[in-house]
Amino acid sequence: MSKVLLVHAKGGPPLGHVLTRTAARAEVHLLALSALPPAVADTAEQVCASVVTPADAHRADLVSLIVSRAEAVGAAAVLTFSEYAVVAVAEACQVLGLAGAGSAAALARDKRLMRRTWREHGLPQPEFRPVATESDLHEAARELPFPLLLKAAWSAGSTAHQIIRTPHEASAAWHRSREVMAESAQLGYAELHVAEADADFVVEQIVSGTASDWFDEPGWGDYVSVEGVVAHGVFHPVCLSGRMPTVEPFTERAGITPALLSQDAQDRIVALARASVDALGLRDCGTHTEIKLGADGRMWLIETAARFGGAMTVPQIEEVFGLDLVGMLVDHLIGRPVAWPRHALTPAQANGAAGSLVVLAVDSQGEAWQDRKVWDFSAVAADVPLSHGSDLSVVAESSLTDGTLVPVYDPAAGANTMAALCLLSATDPSTVLRDFETLVDALPRVLPAAQPEEIVR
C-alpha cells in the first residue's frame, strides 16, 4: 500500500473526515503542526501508521522538517488541507520530486501576489494596493475610492478584515488589524512558513454585489465559490457552493452545496474561475475560488486557494454529489488514474443539498445578541423547528463543548469568534437556506442564558 504524509494544521475540512478518506486509499503518516482536536485523537491513533507532533517547528526549517519526515516514512505523496501549510508542503514536494501545487503555491496564498498576477492577465477584481506600513495605507487611501477593505495578505477566515469608510479611520483600522493578526497567531491561525507574514496587508476597493441578478429567490449572498482540482496543470471544476449574506465586515456565515444558479450563470462563473486558476499556474492540488457577483452580469475575483474549501465544503460535496474529493486527490497524487468530472456538476445532478452554518453571536441583521448565551447543541436540536426531511448535526471538532460561553462576535477577528459549526442536510438548496434562516433567528432564543459568574470568568 502506498504511503502518504498528511501535514495537519489549523483550518481546512474536518480532520476526522480527511483522515478516514485518506486511510482508505493509502497508509497514512500524520505530521501534526497543530494540536489534534480532542474529538479526533482516537481516530488518528486508529487509522494512522504514525503520528508525529514536532515539539518546535520553526517557520525557517518547516520545509526541511516535512522533507525529512516524508523521506523517513517513504511517502509517495505529501499533502495538506490547511491554508497555513500550503506553501511549505508545496515547496517540500518540489524538493522531494513529488506531485504538488508547485512553485505557484505562494501566488494562491499571498493576496498581494495573487492580485498582481490577475492584473497582469486582465482578470476582473477590485482595485487594490499592497500595504506594508501605516504610511502605505494612507497613501493607498488617497488613491482608491472609498469604502475600502483592509485585509491581511496571508490570512484566512476573514480574519483581520477592516472596513475603512473615511481617511480618518485608516490609522485605527491598521492598528486593529495588526493586533488581530498577532492574536490569531497565538491561536494557531497563522501562516506557518513565511516569516513575518502577519505584517503583510492589502487594501482594496469594496465593490457592490447584487445577488438578485443571479438567484431567483431572496436570501442568497452575493458571492459563490467554485470547488475544483488541478491535475497535471489542468483545471477540473467540480461544483459551485452558494452563501448566505456575510456578517460585517465580510465574515462568512454559511455555505450551501449546490448553489442554485441557472446553467448559463454557472457556466460564466466557472469560466472566470478557470481563468483565475490558469493564471496562477498551479499544478496538482485542490482549488477553491471565490467570486463576487454584481449587477448586469459583472463578476470580480475574490481569491483562489491551492486547497479544497474549508469548513464542511468537502463533506457537503461527498454527501450531495457522491464524490470523495479527499480520496480522489490522494489517488491522483500517488499516480492512480482518477475520473474527475468533465464539467462542473449542477443542481440537477445533486442528491438533495447540504450546508454548513458558522454559529456567531449575531442575529440575521448582523446585530450582536442582546444577552450572553451558553452553547448547547442539544437545546438547538430539540427546539429549532426545521423542514420535514432536514437533518441537523454539529461538527464536534470545530465546535465548543456544550456548556461553554458563546464568544462575543468581534468583526475584526471574523471566524475566530465562532461558537460552533453545524451541518444541515435537506431535500434541496432552498430548504437549506430557509432552515438556516430559521436557525439564525432561533439561536438567541433557544440557547441557555449565561450566568453572571460565567460572564465574569
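Quick note: the coordinates plus some simple rules give every number you see, no bench work behind them. The shown structure was predicted, so the numbers you read here are calculated from the model rather than taken from an experiment. Heads up, the Cβs are rebuilt from the backbone with ideal geometry, glycines too, and the neighbour counts pull from every protein chain shown.
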Listed with the fewest Cβ neighbours within 10 Å leading, Thr287, Thr43 appear as Thr43, Thr287
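Add -39500 (n - 2.57) for each DSSP H run of 4 or more in the chain, then divide by its residues: what number comes out at 222 nm, to the nearest 500 deg cm²/dmol? Present the calculation step by step, with values, prior to reporting the outcome.
Numbers: 13 runs with 143 residues, N = 457.
Taking each H run of at least 4 residues, the total per residue is -9500 deg cm²/dmol.
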With charges only on Cβ, +1 for K and R and -1 for D and E, what is the dipole size of the chain about its Cα centre, in debye, rounded to 20?
-> 960
Yeah, the range 225-322 with a ≥ b ≥ c from its alpha-carbon gyration tensor (a/c under 1.5 is rounded, else prolate when a/b outruns b/c, oblate otherwise) is rounded
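If a/c stays under 1.5 just call it rounded; otherwise compare a/b with b/c (prolate if a/b is bigger, oblate if not). Do that for the range 164-213, with a ≥ b ≥ c from the square roots of the Cα gyration tensor eigenvalues.
oblate
With Kirkwood's inverse mean 1/r over C-alpha pairs for Rh, give me the Rg to Rh ratio of the range 3-98, two decimals please.
Details: Rg = 12.1 Å, Rh = 13.1 Å.
Rounded to two decimals, Rg over Rh is 0.92.
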In sequence order, what are the phi-derived ³J(HN,Hα) couplings for the range 344-350 according to the Karplus relation 6.51 cos²θ - 1.76 cosθ + 1.60 with θ = phi - 60°, rounded to whole Hz, with x for glycine and proline?
-> 4, 5, 10, x, 5, 9, 7
Rounded FRET efficiency, nearest 0.05, which uses the C-beta distance separating Arg116 from Val408 and R0 of 35 Å = 0.45
Around Tyr223, which amide H atoms from residues at least 5 apart in sequence, or from another chain, sit under 5 Å from its own amide H, with H modelled in the peptide plane?
-> Arg243, Leu293
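How long is the gain from Ser135 to Ala24 if the chain were fully straight, where each residue apart is worth 0.36 nm and the alpha carbon distance is subtracted?
Values: separation 111, 0.36 × 111 = 39.96 nm, distance 5.22 nm.
Extra length from Ser135 to Ala24 when fully extended: 34.7 nm.
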Amide H to amide H, which residues 5 or more places from Cys239 or on other chains are under 5 Å from it, using H placed in the peptide plane?
-> Glu227, Leu345
May I ask which residue of Val67, Val180, Ala141 lies farthest towards the positive end of the charge dipole of the range 55-197, with charges of +1 (Lys, Arg) and -1 (Asp, Glu) on Cβ and the Cα centre as origin?
-> Ala141
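I'd like the Kirkwood hydrodynamic radius of the range 293-443, using the inverse of the mean 1/r over distinct C-alpha pairs, in Å. Intermediate values should be presented prior to the final figure.
Details: mean 1/r = 0.0566 Å⁻¹.
Hydrodynamic radius (Kirkwood, Cα pairs) of the range 293-443 is 17.7 Å.
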So how do Leu282, Leu137 line up by other beta-carbon neighbours within 10 Å, fewest first?
-> Leu137, Leu282
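Using R₀ = 25 Å, calculate the FRET efficiency as 1/(1 + (r/R₀)^6) where r is the Cβ-Cβ separation of Ala185 and Glu367; round to 0.05. Walk me through the numbers before you get to the answer.
Details: r = 29 Å, r/R0 = 1.18.
The computed FRET efficiency comes out at 0.25.
Size of the dipole of the range 117-198 about the Cα centre, Lys and Arg at +1 and Asp and Glu at -1 on the beta carbon, nothing else charged, in debye to 20? Could you put the intermediate results ahead of the total?
On the way: 7 positive and 12 negative charges, 50 e Å.
Dipole magnitude for the range 117-198 comes out near 240 debye.
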For Ile164, Ile455, ascending order of other Cβ atoms within 10 Å (fewest first) is Ile455, Ile164
Global form of the chain, assessed from the alpha-carbon gyration tensor, a/c cut-off 1.5 = rounded
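What per residue convex hull volume, in Å³, comes out for the range 349-429 when only alpha-carbon positions are used?
Numbers: hull volume 9.9 nm³, N = 81.
Convex hull volume per residue, Cα atoms: 122 Å³.
Sum up the charges of everything whose Cβ sits under 13 Å from the Cβ of Met1, counting Lys and Arg as +1 and Asp and Glu as -1, but leave Met1 out.
Numbers: positive: Lys3, Arg25, Arg336; negative: Glu27, Asp331.
Residues close to Met1 contribute a combined charge of +1.
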Can you tell which of Leu192, Cys285, Gly97 lies farthest toward the positive end of the dipole of the chain, using +1 and -1 charges on the Cβ of basic and acidic side chains (Lys, Arg; Asp, Glu)?
-> Gly97
Label points 7 Å out from Cα along the Cβ direction at Thr401 and Ser212: separation in nm?
-> 4.8
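If R0 is 22 Å, what FRET efficiency do you get for Glu45 and Met1 from their C-beta distance, rounded to 0.05? Provide the component values of the computation, followed by the final result.
Numbers: r = 18 Å, r/R0 = 0.84.
According to the calculation, E is roughly 0.75.
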